[in-house]
Amino acid sequence: MGTSGRNQVLKQDLTGNSRSDITVSASSSSPTSVYQNGPGLDASKIKEELENVATYLFRTEIGGHVKVYVGRKNMKYTVYIEVSSLPHWAEENGLILSWGIFRSDSSSLMPLSPRGSAPTTRSNTSFLQMSTSKLTVEMEFDLSKAPFYLTFLLCDAGSSKSEIRSHRETDFCVPVGIGSGHPDPLGISFANDRSVNFALFSRNAESVVLCLYDGVADKPSLEIDLDSYINRTGDIWHVLMETVEPFVSYGYRVRGKGERFDASHVLLDPYAKIICNSFFDPLGSNSLSKCLGCLSREPTFDWNGDVCPGIPMEKLMVYRLNVERFTEAKSSQLPTEVAGTFSGLIEKLHHLKSLGVNAVLLEPIFSFDVQRGPYFPSHFFSPMNFKGSTPGDNSSAINAVKEMVKDMHANGIEVLLEVAFTHTCQTMTLHEIDNSSYYLFGKDAKLEATTALNCNNPVVQGMVLNSLQHWVTEFHIDGFCFINAASLLRGPEGEYLSRPPLVEAIAFNPLLSKTKIIADCWDPYDMAPKEVTFPHWKIWAELNVKFCHNVRNFLRGEGLLSDLATRLCGSGDMFLDGRGPAFSFNYFAKNFGLPLVDLVSFSSSKLSSEISWNCGEEGPTKKKLVLERRLKQIRNYLFILYISLGVPVLNMGDECGQSSGGSVSYSDRKSFDWDALKTGFGIQITQFISFLSALRVRRSDLLQRRSFIQVENISWHGSDGAQPVWEDPSSKFLGMLLKAGVDEDGESSFDVSHTWGDLYVACNASKKPETVILPSLAEGMTWFLLIDTALPFPRFFSSDGDPVVEQIAGLVTYQLKSHSCRLKNPLIPVDAMAIWYILPSSSNLSIPQRHASFRAADAEEAEVISVIRGMRAARSVGLEKVFLLTDYIKLVITFELGSDDLS
């Protein structure tokens, strides 16, 4: 070819056939060069005229530089290659460009002819010299050919064996129709110009192939082998697609050394936000090796009007549930398409509200392996589609979760998620993406078998933080409970760290630190909790396993009184370290191990770790005495749970006596039986829980505290009124007096204490009744009994309470039956204060009562106050407090009464 003017345009493929989709031009780049069929090859002009130009700069292995410009012009892709500063011998002999194009495999070039099908060899094109130190060549490709990679070598024209490669001793390679992309964020991200960036972490991969599916075939429609120089930054592989049409889903093939790499598998992006099927799985497993990421944005959702309830930790009352099992049973009477879904949960809000619940703790809803259950996740960024046997396109599940959260918030209920970030199922794609980076290996041989994630590796830490932030920002989740949290403390060799990076990063994250963060040290592999000192930075709360064990021990007649006392007043041994009792999430039963009704029904030797007691006979029975004792014990468990300082956590099904038949296996837990709520047991227990919830709210000054009760405001008693015998294992009675007085802000709680007074709690775990001497009261005060778990329903609890009268001269005593608990409340008698039932104005208002309420539908608040003020018996009336209870308004009022007014 000549070196001046426009060179002949080469339009031949390797077979010699004339073609029009690839054009190669070699030319002098003299400023006076004129192109008859195209633009000049001046670099500055190329950059001005090309659209979306990308520039790539390489060094050669012998010195010198290769600069490549790639862009679009006149509905074609133009590639302009400029070589400069080579050694003189290379310039003197001349250079030849040896090139080819590929997509999925750099070792297998694409045919250049539209009719070609077999892999081809390289084409050769001569460079032209524009100056003593610069050589150029220009290439044009039809848009239909893209995307692909142009791979090339520089060859010495004087020697057929002399090849010049990059400084890495590899071929030069540039993308055409795709961009190099950027490493952040991981996953896919959409730009306003419709381009899509893909980014995947893999430190040990030798190559990564992006696979795109059109939704018709079960094999990739397009595969792009990412170049390790152009498409890799550090350990992150990335590529930018100008458009993803007509493709609907994507995955990756990852090649590398080691048994876990398998390039025949197309893997799900661990950062994919929407999951869809790649093809039908005949085994029906939910393995995400059969799933792909969807090439679409997350569905839009109207969050307008959503407000997080922002409930202080100490005010929480939590209900743990499994989304699918909660409503999937026929007894839920929900349509088939709603039962067992997030939408089904919305339909049962009335049940949660009737229990007084203000927070739900959902078992893990991340995508998981259905063979192992929700505590073995296979993905961290997308919710499980609970309908059907395979994940499917879970766009509908995403919107259903958001709708559920919005409705919960509208009803004053926060949504907390259980999350498992310390391990995965065996089928999670992280194994084949980069097993040694994501998982723990080292001294503990058990770690590999349990697929334990290396949580304190910066890459895994980043993934966990990104996942949590995604659920807060996109789904408005209010908090997280971390399963197997003790493993979050492990280092790369399995050792425990004093300042684990992930735990600390969560505590100081500006978004996550504003949510509820709870550590649950239960291990789903060992099926047992691990007792560790958890670093908290005054942010982390904990599921209190000591509460569970100590309460179980006490109620079966074992353990020390000091252990129970510690749990009743907020577990100071755990939380007197800058936190407070509100950081103790108390429970007696969970969704593994024995449920509540089985704790009092089964205690065989194989269940010794459950610390249960069968109340005299193993398993189901018809003996009245045993059944009565079991019912009393169930009431005792609930009583202690709600009376103790801390956050009560109730487990799904315990309110209606759901049994697992004595099995501790998670798989033996049954779907919620809604018909059981209609039984005598279900009615009385749900009413009791509702009463206890209301009592916690009513006596929040004592039962819902941020800080521990001061020593002067609490006293401990034996049945004789003296100090308990703390360390005597045979001592089974404990009395606790909580004194109303100064609140946590240092102000007098006059309005509450004058209405409700102190609280006296008595617990008797012995086999015989105890005659209890109640603490003495000021003159004119009387003890009122609010709860006695030994009494029959409905008398065993009362909002009003029954007065306890003197039985021994100068002493107020009460007989506390075996295995029972009581709560008493002192009130001023009616000659000093009266609380009335106020009904519509036509009602008779002359009889003193203990409470005042009226239907909001019958009268306005102002009308009731007017009625009160018009009463002849009341010389002065002070309105202390108004409580809103659904369609009722309860007023607590005080009166100054004359000696003859009570008539």
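The values are calculated or read from the model by the stated rules, or taken from the named source; none is laboratory data. Bear in mind that the values here come from a model prediction, so they are computed numbers and not experimental data. FYI the Cβ positions are ideal-geometry reconstructions off the backbone, even for glycines, and counts take in every protein chain you see. When the accessible area is computed, the model is the full protein with side chains, heavy atoms only, and any ligands, DNA or RNA have been set aside. Shrake-Rupley method; radii C 1.70, N 1.55, O 1.52, S 1.80 Å.
This table checks each residue for (1) modelled with pLDDT of 95 or more; (2) open to solvent by 60 Å² or more (accessible area, probe 1.4 Å); (3) within 26 Å of Lys546 (Cα to Cα).
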residue	(1), (2), (3)
Asp598	yes, no, yes
Ser601	yes, no, yes
Ser605	no, yes, yes
Lys623	yes, yes, no
Leu627	yes, yes, no
Arg630	yes, no, yes
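Evaluate the stretch 148-159: report whether one residue or more is surrounded by 21 or more Cβ atoms within 10 Å (Cβ to Cβ), among the hydroxyl-bearing types (Ser, Thr, Tyr) and not assigned by the TED database to the domain that holds Val244.
yes
Quick test for you: out of Glu169, Glu140, Glu163, pick the one residue that is within 19 Å of Pro111 (Cβ to Cβ) and either at pLDDT below 90 or surrounded by fewer than 17 Cβ atoms within 10 Å (Cβ to Cβ) (or both). Working first, answer last.
Numbers: Glu169 fails: within 19 Å of Pro111 (Cβ to Cβ); Glu163 fails: within 19 Å of Pro111 (Cβ to Cβ).
Just one listed residue meets the conditions, Glu140.
Out of Val216, Val254, Val239, which single residue is open to solvent by 70 Å² or more (accessible area, probe 1.4 Å) and either closer than 26 Å to Asn394 by Cα or of a type outside the set (Phe, Trp, Tyr) (or both)?
On the way: Val254 fails: open to solvent by 70 Å² or more (accessible area, probe 1.4 Å); Val239 fails: open to solvent by 70 Å² or more (accessible area, probe 1.4 Å).
That would be Val216, the only listed residue that is open to solvent by 70 Å² or more (accessible area, probe 1.4 Å) and either closer than 26 Å to Asn394 by Cα or of a type outside the set (Phe, Trp, Tyr) (or both).
When only residues in the stretch 355-380 that are under 17 Å from the mean Cα position of the chain (by Cα) and over 22 Å from Ala519 (Cβ atoms) count, which is modelled with the lowest pLDDT? Step through it out loud before you land on a result.
Here is the first cut: in the stretch 355-380, the ones under 17 Å from the mean Cα position of the chain (by Cα) are 359-369, 373-380.
Narrowing the set further to residues that are over 22 Å from Ala519 (Cβ atoms) leaves 367, 369, 378-379.
Values: Ser367: 88, Asp369: 83, Ser378: 90, His379: 93.
The selected residue is Asp369.
Among the residues in the stretch 311-332, are any of a type in the set (Val, Ile, Thr), closer than 20 Å to Ile518 by Cβ and assigned to a loop (DSSP other than H, G, I, E, B)? Please lay out each step first, then the result.
Taking the stretch 311-332 and keeping what is of a type in the set (Val, Ile, Thr), we get 311, 318, 323, 327.
Filter once more, so that each one left must be closer than 20 Å to Ile518 by Cβ: 311, 318, 323.
Add one more test, that the residue is assigned to a loop (DSSP other than H, G, I, E, B), and what stays is 311.
For the stretch 311-332, residues of a type in the set (Val, Ile, Thr), closer than 20 Å to Ile518 by Cβ and assigned to a loop (DSSP other than H, G, I, E, B): present.
Which one of Phe508, Phe547 is of a type in the set (Phe, Trp, Tyr), more than 27 Å from Asn399 (Cβ to Cβ) and buried (at least 23 other Cβ atoms within 10 Å of the Cβ)?
Values: Phe508 fails: buried (at least 23 other Cβ atoms within 10 Å of the Cβ).
From the options Phe508, Phe547, the qualifying one is Phe547.
Could you say whether any residue in the stretch 566-577 is under 24 Å from the mean Cα position of the chain (by Cα) and among the basic types (Lys, Arg)?
No, every residue in the stretch 566-577 fails to be under 24 Å from the mean Cα position of the chain (by Cα) and among the basic types (Lys, Arg).
Do we find that Phe421 is open to solvent by 20 Å² or more (accessible area, probe 1.4 Å) and touching a helix residue (DSSP H, G or I) at 6+ places or on another chain (Cβ under 7 Å) in this structure?
Numbers: open to solvent by 20 Å² or more (accessible area, probe 1.4 Å): no; touching a helix residue (DSSP H, G or I) at 6+ places or on another chain (Cβ under 7 Å): yes.
Spelling it out, it is not the case that Phe421 is open to solvent by 20 Å² or more (accessible area, probe 1.4 Å) and touching a helix residue (DSSP H, G or I) at 6+ places or on another chain (Cβ under 7 Å).
Take the stretch 318-345 and flag every residue that is open to solvent by 10 Å² or more (accessible area, probe 1.4 Å), in contact (Cβ under 8 Å) with a residue 12 or more places away in the chain and not small (Gly, Ala, Ser). If you could, list the steps in order and put the result at the bottom.
Going through the stretch 318-345, the residues open to solvent by 10 Å² or more (accessible area, probe 1.4 Å) turn out to be 322, 324-325, 328-331, 333-339, 341, 343.
Applying the additional criterion that residues be in contact (Cβ under 8 Å) with a residue 12 or more places away in the chain yields 322, 324-325, 328-329, 331, 333-334, 337, 339, 341, 343.
Selection gives Asn322, Glu324, Arg325, Glu328, Gln333, Leu334, Glu337, Thr341.
Given the conditions (1) within 24 Å of Trp674 (Cα to Cα); (2) touching a residue at least 60 places away in the same chain (Cβ under 8 Å), report the number of the one that Pro374 does not fulfil.
If we test Pro374 against (1) within 24 Å of Trp674 (Cα to Cα); (2) touching a residue at least 60 places away in the same chain (Cβ under 8 Å), just (2) comes out false.
Pairs please, first residue from the stretch 775-794 and within 18 Å of Phe681 (Cβ to Cβ), second anywhere and open to solvent by 60 Å² or more (accessible area, probe 1.4 Å), Cβ atoms under 6 Å, 6+ apart in sequence or on different chains.
Ala790/Lys817
Which of the residues spanning the stretch 556-574 are part of a helix (DSSP H, G or I) and closer than 15 Å to Ile643 by Cα? Working first, answer last.
So the first thing to find is which residues in the stretch 556-574 are part of a helix (DSSP H, G or I), and the list is 561-568, 572-574.
Leu564, Ala565, Thr566, Arg567, Leu568, listed by residue number.
Out of all the residues in the stretch 495-502, is one or more outside any loop (DSSP other than H, G, I, E, B), more than 25 Å from Tyr666 (Cα to Cα) and not aromatic (Phe, Trp, Tyr)? Before the answer, list the steps.
Filtering the stretch 495-502 for residues outside any loop (DSSP other than H, G, I, E, B) gives 496, 501-502.
Applying the additional criterion that residues be more than 25 Å from Tyr666 (Cα to Cα) yields 496, 501-502.
Add one more test, that the residue is not aromatic (Phe, Trp, Tyr), and what stays is 501-502.
Yes, some residue in the stretch 495-502 is outside any loop (DSSP other than H, G, I, E, B), more than 25 Å from Tyr666 (Cα to Cα) and not aromatic (Phe, Trp, Tyr).
Within the stretch 715-730, track down each residue that is buried (at least 17 other Cβ atoms within 10 Å of the Cβ) and under 44 Å from the mean Cα position of the chain (by Cα). Can you show your working first?
At the first step, the residues of the stretch 715-730 found to be buried (at least 17 other Cβ atoms within 10 Å of the Cβ) are 716-719, 724.
The answer is Trp716, His717, Pro724.
Going by the structure shown, is Pro299 surrounded by fewer than 20 Cβ atoms within 10 Å (Cβ to Cβ) and closer than 30 Å to Phe575 by Cβ?
On the way: surrounded by fewer than 20 Cβ atoms within 10 Å (Cβ to Cβ): yes; closer than 30 Å to Phe575 by Cβ: no.
No, not satisfied.
Which of the following residues is in contact with a Phe, Trp or Tyr (Cβ under 7 Å, 6 or more places away or on another chain) and not hydrophobic (A, V, I, L, M, F, W, C): Arg499, Arg490?
It is Arg490.
Any chance the stretch 602-613 includes a residue that's assigned to a loop (DSSP other than H, G, I, E, B), at positive phi and hydrophobic (A, V, I, L, M, F, W, C)? Explain how you work it out, then say what you get.
First, the residues of the stretch 602-613 that are assigned to a loop (DSSP other than H, G, I, E, B): 602-604, 611-613.
Now narrow it down to the ones that are at positive phi: 611.
Okay, now just the ones that are also hydrophobic (A, V, I, L, M, F, W, C), so 611.
Yes: the stretch 602-613 contains one or more residues that are assigned to a loop (DSSP other than H, G, I, E, B), at positive phi and hydrophobic (A, V, I, L, M, F, W, C).
For (1) touching a His at 6+ places or on another chain (Cβ under 9 Å); (2) more than 24 Å from Arg822 (Cβ to Cβ), each residue gets a yes or a no:
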| residue | (1), (2) |
| --- | --- |
| Glu542 | yes, yes |
| Leu555 | yes, no |
| Ser562 | no, no |
| Arg567 | no, no |
| Phe585 | no, yes |
| Leu594 | no, yes |
| Leu607 | no, yes |
| Cys615 | yes, no |
| Pro620 | no, yes |
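When you check Leu200 against the structure, is it of a type outside the set (Asp, Glu), farther than 17 Å from Lys67 by Cβ and either in contact (Cβ under 8 Å) with a residue 60 or more places away in the chain or open to solvent by less than 10 Å² (accessible area, probe 1.4 Å) (or both), yes or no? Break it down stepwise before answering.
On the way: of a type outside the set (Asp, Glu): yes; farther than 17 Å from Lys67 by Cβ: yes; either in contact (Cβ under 8 Å) with a residue 60 or more places away in the chain or open to solvent by less than 10 Å² (accessible area, probe 1.4 Å) (or both): yes.
It is true that Leu200 is of a type outside the set (Asp, Glu), farther than 17 Å from Lys67 by Cβ and either in contact (Cβ under 8 Å) with a residue 60 or more places away in the chain or open to solvent by less than 10 Å² (accessible area, probe 1.4 Å) (or both).
Of the residues that sit in the stretch 488-505 and are within 13 Å of Leu453 (Cα to Cα) and over 23 Å from the mean Cα position of the chain (by Cα), which one is least open to solvent (accessible area, probe 1.4 Å)? Spell out how you get there, then give the answer.
If we filter the stretch 488-505 for residues that are within 13 Å of Leu453 (Cα to Cα), which is where we start, we get 488-494, 502.
Restricting the remaining residues to those that are over 23 Å from the mean Cα position of the chain (by Cα) gives 492-494.
On the way: Pro492: 75, Glu493: 86, Gly494: 13 Å².
Filtering the stretch 488-505 for residues that are within 13 Å of Leu453 (Cα to Cα) and over 23 Å from the mean Cα position of the chain (by Cα), the one least open to solvent (accessible area, probe 1.4 Å) comes out as Gly494.
Among (1) closer than 28 Å to Ala359 by Cα; (2) at pLDDT below 95, there is one condition Ser609 misses while meeting the rest; what is its number?
(1)
Would you tally the residues in the stretch 181-198 being on the phi > 0 side of the Ramachandran plot and part of a strand (DSSP E or B)? Before the answer, list the steps.
Kept after step one, since they are on the phi > 0 side of the Ramachandran plot, are these residues of the stretch 181-198: 181, 187, 194.
Narrowing the set further to residues that are part of a strand (DSSP E or B) leaves 187.
Count: 1.
If you take the residues of the stretch 517-555 that are β-branched (Val, Ile, Thr) and part of a loop (DSSP other than H, G, I, E, B), which of them is modelled with the lowest pLDDT?
Within the stretch 517-555, the subset β-branched (Val, Ile, Thr) is 517-518, 532-533, 539, 545, 551.
Subset that is part of a loop (DSSP other than H, G, I, E, B): 532-533, 539.
Working: Val532: 84, Thr533: 89, Ile539: 97.
Looking at the filtered set, the residue picked out is Val532.
Name the residue that is nearest to Phe198 (Cα to Cα), counting only residues in the stretch 229-281 that are among the hydroxyl-bearing types (Ser, Thr, Tyr) and outside any strand (DSSP E or B).
Filtering the stretch 229-281 for residues among the hydroxyl-bearing types (Ser, Thr, Tyr) gives 229, 233, 243, 249-250, 252, 264, 271, 278.
Retained after the next criterion (residues that are outside any strand (DSSP E or B)): 229, 243, 264, 271, 278.
Numbers: Tyr229: 16, Thr243: 12, Ser264: 20, Tyr271: 10, Ser278: 18 Å.
Once the filter is applied, the top-ranked residue is Tyr271.
Against the condition open to solvent by less than 20 Å² (accessible area, probe 1.4 Å), at pLDDT 65 or above and small (Gly, Ala, Ser), how does Gly100 come out, does it pass? Steps first, please.
Working: open to solvent by less than 20 Å² (accessible area, probe 1.4 Å): yes; at pLDDT 65 or above: yes; small (Gly, Ala, Ser): yes.
Considered against the rule, which asks whether it is open to solvent by less than 20 Å² (accessible area, probe 1.4 Å), at pLDDT 65 or above and small (Gly, Ala, Ser), Gly100 comes out as yes.
Among the residues that make up the stretch 448-467, is at least one of them among the acidic types (Asp, Glu), modelled with pLDDT of 95 or more, more than 23 Å from Lys402 (Cα to Cα) and surrounded by fewer than 22 Cβ atoms within 10 Å (Cβ to Cβ)? If you could, list the steps in order and put the result at the bottom.
Taking the stretch 448-467 and keeping what is among the acidic types (Asp, Glu), we get 448.
After this cut, where a residue has to be modelled with pLDDT of 95 or more as well, the list is none.
Checked the stretch 448-467: no residue is among the acidic types (Asp, Glu), modelled with pLDDT of 95 or more, more than 23 Å from Lys402 (Cα to Cα) and surrounded by fewer than 22 Cβ atoms within 10 Å (Cβ to Cβ).
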